[in-house]
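Note sheet for the following structure.
Please treat every number below as a calculation from the coordinates, not as lab data. This one's a predicted model, so the numbers in the text were calculated from it and none came from an experiment. Here Cβ is always computed from backbone atoms with ideal geometry, including for glycine, and neighbour counts include all displayed protein chains.
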Amino acid sequence: MVNIRFLGNACVELIGKQDHIIIDPTFLREPTTGIEKIFLTHHHSDHVNQEKLQEIQNNFSIEGKELEIYGPLCVFEELNIDFILIEPTSKIDLTNGYVEVFENDCWKAPGCVAYLIVIDDYKILHTADSANFSSDIKTLKNSIDLCFIACFESNFEDYLEFLKLISPKLVIPYHFNYEKEEEARKLIELLRKNTIISKFLSIGEEIEL
């Protein structure tokens, strides 16, 4: 069983039986205490900032246990923060699974990465804000339990083409704030018209796999 929370922007929190991680922690709703690892996709301010990282360290990590932060070179070059450097093909062990790093193409973010999180036997794909997916990501056909995908209306056809290719069991649009929820709902409507199973998660809402 994995509990997955969408916390606003591209921030996703995953709580498994033995693992607790958060991705792109520019959250609009607070995460749950107990975070062990943070994964960053790229350096843009709606994906990472120093204040949120410090807030997790102070309020939502495990007391007495070192918080592990992982990210690509572009984050270090932009923010000069202390973290564990990763690159495409890197694999980070979890207690009950792993996180695999994929080359990604995000708007004005050279060096952006995507993450495949395998936790408690579930496969969850976090695509940052990509609409132009790498050939390696496209190999993940018929294997993804849940795919998080951005919902910028100008890229709807790109998302649709990609999702038809990889055929995830469930798609959740994300990367929006409180003012942009309607874009996620519009994308869901398009996906459902094309027989792609999708679900709307409001900011702060949780789903269980």
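For each of T139, T32, T41, T195, count neighbouring Cβ atoms within 10 Å of the residue's Cβ, then give the residues from fewest to most. Walk me through the intermediate numbers first.
Details: T139 11, T32 14, T41 28, T195 7.
The fewest-first ordering by Cβ neighbours comes to T195, T139, T32, T41.
Taking a ≥ b ≥ c as the square roots of the eigenvalues of the Cα gyration tensor of the chain, is the shape rounded (a/c under 1.5), prolate (a/b larger than b/c) or oblate?
Numbers: a/c = 1.42, a/b = 1.37, b/c = 1.04.
Taking the square roots of the gyration eigenvalues as a ≥ b ≥ c, the chain is rounded.
Given F152, G8, T33, which one lies farthest toward the positive end of the charge dipole of the chain, if we put +1 on the Cβ of every Lys and Arg and -1 on the Cβ of every Asp and Glu?
Of F152, G8, T33, it is F152.
Using the Cα centre of region 135-209 as the reference point, and only Cβ charges (+1 on K/R, -1 on D/E), how large is the resulting charge dipole? Debye, rounded to the nearest 20.
Charge dipole of region 135-209: 380 debye, to the nearest 20.
How large is the dipole of the chain about the Cα centre if only Lys and Arg carry +1 and Asp and Glu carry -1, each at its Cβ, rounded to the nearest 20 debye?
Using only the charged Cβ atoms, the result is roughly 720 debye.
Specify the angular offset, from 0 to 90 degrees and rounded to the nearest 10, of the alpha carbon long axis of helix 181-193 from the longest principal axis of the alpha carbons in the chain.
Once rounded, one gets 50 degrees.
I need the GluC sites (Glu not before Pro) found in region 17-125, filtered to DSSP loop residues with at most 11 other beta carbons within 10 Å of theirs.
On the way: sites: E36, E51, E55, E63, E66, E68, E77, E78, E100, E103; in loops: E36, E63, E66.
Those that pass, being in a loop and sparsely packed, are E63, E66.
Based on the mean of other beta carbon atoms within 10 Å per residue, what is the order of 82-93, 111-122, most packed first?
Result, highest mean Cβ count within 10 Å first: 111-122, 82-93.
Looking at S198, Y178, V118, which one has the Cα that reaches farthest to the positive end of the dipole of the chain (charges on Cβ: Lys, Arg +1; Asp, Glu -1)?
It is S198.
Can you give the angle from 0 to 90° between the axis of helix 156-166 and the longest principal axis of the chain, with both taken from C-alpha atoms, to the nearest 10?
In the chain, helix 156-166 runs at an angle near 80 degrees to the longest axis.
Mean residue ellipticity at 222 nm from the helices of the chain, using -39,500 (n - 2.57) per DSSP H segment of n ≥ 4 over the full residue count, to the nearest 500 deg cm²/dmol?
Values: 4 runs with 37 residues, N = 209.
So the helix-based figure for the chain works out to -5000 deg cm²/dmol.
So if I take the centroid of the Cα atoms in region 1-73 and the same for region 110-140, what is the distance between those two points in Å?
17 Å
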